[in-house]
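The structure appears below as structure tokens.
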Amino acid sequence: MSLPNDFWFDIAVMMSIFHIGNLFFGHFEAHKPAWKRLLKTALFLVFVLILSSLGLRSIAYWSIGIVGSLMFALVHGYWLPKNGVNGLTGEPKEKYYELIGHKQ
């Protein structure tokens, strides 16, 4: 069984986004188990493929962009600074790990 040609485009776009994100921001999630990071990638990919198969590719990408932007603004622009952590660098690390419940 092969995937439609359009699905390969969606897979390439989503995997590129996750790869670039992992290169630049992966150190912020290094404490998470690999299966959780893989599950997140798979869920986003399935979400995009389902909407794309329904002819709603633009809605899939727009929704990921809008929700991602809102979450970034909320977490990095409000919640982290409110709790004494730099929203861009995650410093001080001890405070960041304490805030997210990670035991060092």
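Binning the C-alpha pair distances of segment 25-64 at 10 Å intervals from 0 yields a P(r) profile of 29, 38, 26, 7 %, listed from the shortest bin outward. So if the hydrodynamic radius of the chain is defined as the Kirkwood radius over C-alpha pairs, what does Stokes-Einstein give as its diffusion coefficient at 4 °C and 1.567 mPa s, in µm² per second? Taking Rh from Cα pairs, D becomes 83 µm²/s. Estimated from the Cβ-Cβ distance and a Förster radius of 22 angstrom, the FRET efficiency linking VAL67 and GLU29 is about 0.80. Note on segment 57-104: Cα-Cα pairs beyond 15 Å make up 52% of the total pair count.
None of the figures in this text is laboratory data; all of them are computed from the coordinates on show. Small disclaimer: the values here were computed from a predicted structure and weren't measured. Cβ atoms come from the backbone with ideal geometry, glycine included; neighbour counts cover every protein chain shown.
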